[in-house]
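Down below is the structure, laid out as structure tokens.
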Amino acid sequence: MTGIALVRSELTKSVTSRPALILALVAILGTWVMAWTNAASAVGIAPDDPRLFAAEPIPLEYQGFEMAGFGYVLVVALAALSAGSEYGAGQQIRVTLLATPQRPRVFFVKVLLLATTVAGVGFLTMAGTVVITHAAGSTGVDPLELTPAIWANIGGVALAWTFTALIAFALGSLARSAILPLILITPLVVGVGDFVTGFWDGARYLPIAAGAALYSDPAAGLLAPLAGGLVQAAWALVLLVIAGIVFNRRDP
């Protein structure tokens, strides 16, 4: 199978996978709905009102990005499904490798398509979320003319989601199952990572905390954005190299 045919084949699998489509749509639409609800409910409330999520006012360029955590969980599930689904009862991976014996090429195409998909979902999700936040919340920022700093943070979320998805994919590929990445990464996404970071500085170098530095308020005590991006990219690269070597050498 040629490279183009392989890309088409893997793309067809992704597009026709109902669970994957549902996860992507829920990540986008669910986050938008939560952003509107959160922003609309805060209208007319003083920035330091204790009823708000944080008593300290959130800088404008970081407003709306607290919604990233919801989609994060779904992105991890999407990546885990991408890695583990072909090892199920049907053993679809055997058919793929019979059609394309070049295992490194198969692995590379899977990684490329996953990264492209998650980056697109992440950008669309957070761009819509931030626009909705400023439109519904009457923050003073024109939702149709976002500042460069806000766009940079939107790109940071897309990048962090992509690296996280690649880490989840690598773990799922090593385990031949979606369970391992869900067990290891989901707790870090839903708040355990933030809790650990609060009393151990070394936790800032864990992949999720490092990725959060790409779009979080510096007051959160995380790494600098560039450092955080490089650390999370290193996690993804090392795990993908290991997973790729194992995928190339192990029987399906």
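The values are calculated or read from the model by the stated rules, or taken from the named source; none is laboratory data. Being a predicted model, the structure only gives us computed values, none of them experimental. Neighbour counts run over all protein chains shown; Cβ positions are idealised from the backbone, glycine included.
Per-structure values
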quantity	calculated
Pair list, Cβ under 8 Å, 6 or more apart: the stretch 134-155 residue surrounded by fewer than 20 Cβ atoms within 10 Å (Cβ to Cβ), other residue assigned to a loop (DSSP other than H, G, I, E, B) and modelled with pLDDT under 85	Ala135/Pro143; Ala136/Val43; Ser138/Val43; Thr147/Val141
Pick from the stretch 98-121, criterion over 26 Å from the mean Cα position of the chain (by Cα) and surrounded by fewer than 17 Cβ atoms within 10 Å (Cβ to Cβ), ranking: modelled with the highest pLDDT	Gln102
Hey, Leu144 hydrophobic (A, V, I, L, M, F, W, C) and assigned to a loop (DSSP other than H, G, I, E, B) or not	yes
Test result for Ala119, in contact (Cβ under 8 Å) with a residue 40 or more places away in the chain and either closer than 24 Å to Ser82 by Cα or acidic (Asp, Glu) (or both)	yes
Ile183 being exposed (fewer than 15 other Cβ atoms within 10 Å of the Cβ) and more than 19 Å from Gly71 (Cβ to Cβ)	yes
Leu223, sole failed condition from (1) within 23 Å of Val196 (Cα to Cα); (2) assigned to a helix (DSSP H, G or I); (3) over 16 Å from the mean Cα position of the chain (by Cα)	(2)
Check on Ala127, at pLDDT 90 or above, surrounded by fewer than 24 Cβ atoms within 10 Å (Cβ to Cβ), assigned to a helix (DSSP H, G or I) and among the hydrophobic types (A, V, I, L, M, F, W, C)	yes
Residues (in contact with a Phe, Trp or Tyr (Cβ under 7 Å, 6 or more places away or on another chain) and part of a loop (DSSP other than H, G, I, E, B)) located in the stretch 185-215	Tyr215
